[in-house]
Amino acid sequence: MATSFATASTVVGLGSSLSSKRTCLSSDFVKPVMVRSPLRQAKASGGRFTCMSFQSDWLRRDLNVIGFGLIGWLVPSSVPAIDGKSLTGLFFDSIGAELAHFPTPPALTSQFWLWLICWHLGLFITLTFGQIGFKGRTDKYF
């Protein structure tokens, strides 16, 4: 029994870290990365993985979308539909009322928060649909 422990044997995973054999990680989704040690695989690419099929310019920012989206939200939100006042007018009036007592922040019961959330939610929804529509038309989805 003592003789079996005396023979040189390698533990799986540790023997390859001592040898100069390199391990190659490959996938269709990630670029191949050569690593020296299987114990250092997590830091082999500096903690970053590069995707081959994902566009680096995923946002595809276009100022047309921002411009048309802003106009597309300002026009309908400026229609006097709430007791003869527009959402934009109510929001800007509430800003002025809150700035009248500037060092003090708006109270939680202030109408300012309602108009702020409604106005910006509408703006972001309009910009999102504008981006989808403009890029979908550019890429010939519809």
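The values are calculated or read from the model by the stated rules, or taken from the named source; none is laboratory data. Note that the coordinates shown come from a computational prediction; the quantities given were computed from them, not determined experimentally. So basically every Cβ, Gly included, is an ideal-geometry build from the backbone, and we count neighbours across all protein chains shown. The accessibility values were calculated without ligands, DNA or RNA, using every heavy atom of the protein model including side chains. Shrake-Rupley method; radii C 1.70, N 1.55, O 1.52, S 1.80 Å.
Per-residue Karplus couplings for segment 83-88, computed as 6.51 cos²θ - 1.76 cosθ + 1.60 with θ equal to phi - 60°, are listed in order as 6, x, 10, 8, 5, 5 Hz, Gly and Pro entered as x.
Per-residue accessible area (protein heavy atoms, 1.4 Å probe) orders PHE92, PHE142 as PHE142, PHE92, starting from the largest. Sequentially through segment 100-116, phi angles give Karplus couplings (6.51, -1.76, 1.60; θ = phi - 60°) of 5, 10, 3, x, 7, x, x, 6, 5, 8, 6, 5, 3, 5, 5, 5, 4 Hz, Gly and Pro residues having no value and appearing as x. Please work out the FRET efficiency for the pair ILE95 and LYS140, using the Cβ-Cβ distance as r and a Förster radius of 35 Å; give the result to the nearest 0.05. So the FRET efficiency works out to roughly 0.25.
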